[in-house]
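Comments concern the structure below.
The values are calculated or read from the model by the stated rules, or taken from the named source; none is laboratory data. Note that the coordinates shown come from a computational prediction; the quantities given were computed from them, not determined experimentally. Here the Cβ positions follow ideal geometry from the backbone for every residue, glycine too, while neighbour counts run over all protein chains shown.
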Amino acid sequence: MRSIGKIWLSASGLELVLRWVFTLLSVWAGIAFHRSGDVVSLASAALSALLFQIPPVIGKLLRLQVPVSFRYIWFVFILAAMYLGEIHSFFYRYLWWDDMLHTCTAMLVAYLAMLVILISTRDKTGGIAVRPMFLFISVLAFTMAFGAVWELFEFSSDQLLGVNMLKGRDSTLPDSVYDYGRALINTMQDLSLDLLGALVVALLASLNLKRGRLFTSAFGLPLRQFQHSNPRFFRTR
């Protein structure tokens, strides 16, 4: 138990150090963007710094312990999406970066949806009461609904703020005209990637639940850590 505790503390401590290092790097990048007059990049840097600090804030607001695995997943996601993707322009340097992030985001949302469903459908004793097929359909539906709402947000941002979230304009051409056909193709590609990511998580969740291995499998490691850190939500049988 002591060795496990030491590993937990070292992993948690490393996450804390990494989180603050990249928060400060984002702030430093924001200062550079401010000096150069790049308002859009400054906003991205500020948002990146804030998002790195979300896990402890969520923990305090919801009165729960955020497991170290969840914090690492969030850190890697913000590192890839905001720090590398926006601040260092990986979205424009590598055309596959956006597709990779969309798929990973869908998997992250699907896993969180599974956690919420497991908690909300537990029986009177705190045990898991959901059936595998219901879990599969619910995770899939929740993730696709989230993806559709996000696409509506991107469309609204493009129309109201004049940004290019749906890639309707060719970023390599300074005076390119917004192409709604191009934006529609990007939307359908994003929704397809959302479906792919959701299917992977929903399938693994339902199969592991059916076999009674949802908490004991490698797939269930974050679930085990969440259950260990927050035993009041549900228990395993």
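Just a few scattered comments:
- Of all residues in the range 117-158 being at pLDDT below 90 and loosely packed, with under 13 Cβ neighbours inside 10 Å, the one that is farthest from Leu214 (Cα to Cα): Ser156
- Applying a threshold of 7 Å to beta carbon distances and a minimum spacing of six or more residues, or different chains, the list of pairs starting in the range 35-57 at a residue that is among the hydrophobic types (A, V, I, L, M, F, W, C) and ending at one that is surrounded by fewer than 16 Cβ atoms within 10 Å (Cβ to Cβ) reads Leu42/His34; Ala49/Val27.
- Of all residues in the range 216-237, those satisfying the criterion of being assigned to a loop (DSSP other than H, G, I, E, B) and modelled with pLDDT of 85 or more are Thr216, Ser217.
- Leu196, sole failed condition from (1) modelled with pLDDT of 85 or more; (2) within 21 Å of the chain's Cα centre (by Cα); (3) surrounded by 18 or more Cβ atoms within 10 Å (Cβ to Cβ): (3)
- Helices (runs of 4 or more DSSP H) within the range 1-100 that include 1 or more residues farther than 30 Å from Gln227 by Cα: 2-36, 39-52, 90-93
- Total residues in the range 62-91, condition closer than 20 Å to Pro222 by Cα and surrounded by fewer than 15 Cβ atoms within 10 Å (Cβ to Cβ): 5
- Close pairs (8 angstrom Cβ cut-off, 6 or more residues apart or separate chains): closer than 17 Å to Thr105 by Cβ in the range 151-164, modelled with pLDDT under 80 and loosely packed, with under 14 Cβ neighbours inside 10 Å anywhere: Ser157/Val163
- Residue match in the range 45-65 (condition: at pLDDT below 85, within 30 Å of Asp158 (Cβ to Cβ) and over 19 Å from the mean Cα position of the chain (by Cα)): no
- Qualifying position, being of a type outside the set (S, T, N, Q) and within 21 Å of the chain's Cα centre (by Cα), among Val27, Val68, Val39: Val68
- Taken over the range 33-59, the residue count meeting the criterion of being within 16 Å of Ser89 (Cβ to Cβ) and either surrounded by 14 or more Cβ atoms within 10 Å (Cβ to Cβ) or not assigned by TED's automatic domain parsing to the domain that holds Ala81 (or both) is 8.
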